[in-house]
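Participant: Got a structure here, written out as structure tokens. Questions coming.
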Amino acid sequence: MDEIEDELFQHQAVLLNEAVAALAVKPTGVYVDATFGRGGHALKVMEGLDQSGRLLAIDKDPEAVSTAQQKFGSDPRFSIQHGSFAMLGQHVARQGFTGKVSGVLLDLGVSSPQLDDASRGFSFRNDGPLDMRMNPAMGESAAQWVARAPLDEMIKVLRDYGEERYAPRIARAIVAAREVAPIETTAQLQAIVAQANPSWEKGKDPATRAFQAIRIAVNQELDDLHSCLDQVLDLLEVGGRLVVISFHSLEDRIVKRFMRDQERGEQFPRGLPVMESGRGRRLRRIGKAIYASKEELAQNPRARSAVMRVAEKIA
């Protein structure tokens, strides 16, 4: 087993079979894996393509791009773009696939290699530099954000992105601590948050919500998701599928609302004579939300919060 195969093996793609089945891969189709990660979903999609099929992958993380180039770089059916799926339209247009895409997959959140690498600063389980950037070469690190964010902004991020009920108390503790010494490591931040949190949830580290919130803010994850969804319908062909795997309620709420609104079309006052074709419906939801099976959860506990939604373009 070579190094890249070993890395793919270590990172278990969540809802792998379910996601690829939902894409309904056609041998000649054009597909976009907008969150390549370590390529688990991409590998499965590629198995369903013939020599005329295409897979465009995108990822913010340079390590993910390197993995993609080593694993699939010599395959003419495959290409990888380094960047955010917020620029999905540009990446697809560059390949000449606008309006021709058969399926788009979004596997949101962070990958296991990112979480497990202490040097990336995503997790408090192993002490490391407080970074959290999916692209370490761009933007503001978590340490920089923690050092400069005003109290009101910090409260809002912890409350809105982490759904942290003790956001004001924790934010005040962070602000007080940074006045004494810079907060530069994951262990420092974890200890500050844990001490400030008066109610620890059973089985969950008290810093979990705060770390999630700061990571989302640093990487602009929800803004990027909104931008991507705004573009995706113009890229898909009629009958093309959108498959999204979310890992927390904020993401899932955005995806669920987007699919619902595009399925309902424009809403008019009751009694107004509007033809069905005038409502502008563009999507049809496929089935209900899908969750990881008991068998998958036994092998990969990180799949416990995953929820997948699927929709098909109809116009």
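Participant: In region 198-219, how many are part of a loop (DSSP other than H, G, I, E, B) and either among the charged types (D, E, K, R) or under 22 Å from Arg94 (Cβ atoms) (or both)?
Facilitator: Going through region 198-219 one residue at a time, the tally reaches 4.
Participant: Hey, any hits in region 63-81 for a residue that's of a type in the set (D, E, K, R), touching a residue at least 24 places away in the same chain (Cβ under 8 Å), within 27 Å of Gln299 (Cβ to Cβ) and part of a helix (DSSP H, G or I)?
Facilitator: Looking through region 63-81, at least one residue is of a type in the set (D, E, K, R), touching a residue at least 24 places away in the same chain (Cβ under 8 Å), within 27 Å of Gln299 (Cβ to Cβ) and part of a helix (DSSP H, G or I).
Participant: Within the bounds of region 196-213, is there any residue that is modelled with pLDDT of 95 or more, surrounded by 19 or more Cβ atoms within 10 Å (Cβ to Cβ), in the same structural domain as Arg169 (by TED's automatic domain parsing) and in contact with a Lys or Arg (Cβ under 6 Å, 6 or more places away or on another chain)?
Facilitator: Yes; the residues of region 196-213 include at least one that is modelled with pLDDT of 95 or more, surrounded by 19 or more Cβ atoms within 10 Å (Cβ to Cβ), in the same structural domain as Arg169 (by TED's automatic domain parsing) and in contact with a Lys or Arg (Cβ under 6 Å, 6 or more places away or on another chain).
Participant: Could we say that Asp116 is at pLDDT below 95, farther than 30 Å from Glu312 by Cβ and surrounded by fewer than 23 Cβ atoms within 10 Å (Cβ to Cβ) here?
Facilitator: Yes; evaluated as a whole, the condition is true for this residue.
Participant: With (1) surrounded by fewer than 22 Cβ atoms within 10 Å (Cβ to Cβ); (2) in the same structural domain as Ile214 (by TED's automatic domain parsing) as the list, and Arg77 as the residue in question, which single condition is left unmet?
Facilitator: With respect to (1) surrounded by fewer than 22 Cβ atoms within 10 Å (Cβ to Cβ); (2) in the same structural domain as Ile214 (by TED's automatic domain parsing), Arg77 is out only on (2).
Participant: Being β-branched (Val, Ile, Thr) and over 18 Å from the mean Cα position of the chain (by Cα) is the filter; apply it to region 14-59 and report the residue that is surrounded by the fewest Cβ atoms within 10 Å (Cβ to Cβ).
Facilitator: Ranking the candidates gives Thr28 first.
Participant: Here is a further query. Among the residues of region 163-184, is any of a type in the set (Asp, Glu), farther than 23 Å from Leu250 by Cα and surrounded by 14 or more Cβ atoms within 10 Å (Cβ to Cβ)?
Facilitator: For region 163-184, residues of a type in the set (Asp, Glu), farther than 23 Å from Leu250 by Cα and surrounded by 14 or more Cβ atoms within 10 Å (Cβ to Cβ): present.
Participant: If Gln12 passes every condition in (1) assigned to a loop (DSSP other than H, G, I, E, B); (2) in contact with a Lys or Arg (Cβ under 9 Å, 6 or more places away or on another chain); (3) more than 16 Å from Val232 (Cβ to Cβ); (4) at pLDDT 95 or above but one, which one does it miss?
Facilitator: (4)
Participant: Could you go through region 89-107 and let me know if any residue there is free of Cβ contacts under 8 Å to residues at least 12 places away in the same chain and hydrophobic (A, V, I, L, M, F, W, C).
Facilitator: Looking for residues that are free of Cβ contacts under 8 Å to residues at least 12 places away in the same chain and hydrophobic (A, V, I, L, M, F, W, C), one finds at least one in region 89-107, hence yes.
Participant: Only helices (runs of 4 or more DSSP H) wholly contained in region 221-315 count here; list those with 2 or more residues that are at pLDDT 95 or above and buried (at least 19 other Cβ atoms within 10 Å of the Cβ).
Facilitator: 221-235, 249-264
The values are calculated or read from the model by the stated rules, or taken from the named source; none is laboratory data. Small disclaimer: the values here were computed from a predicted structure and weren't measured. Every residue, glycine among them, receives a Cβ derived from its backbone with ideal geometry; neighbour counts consider all protein chains shown.
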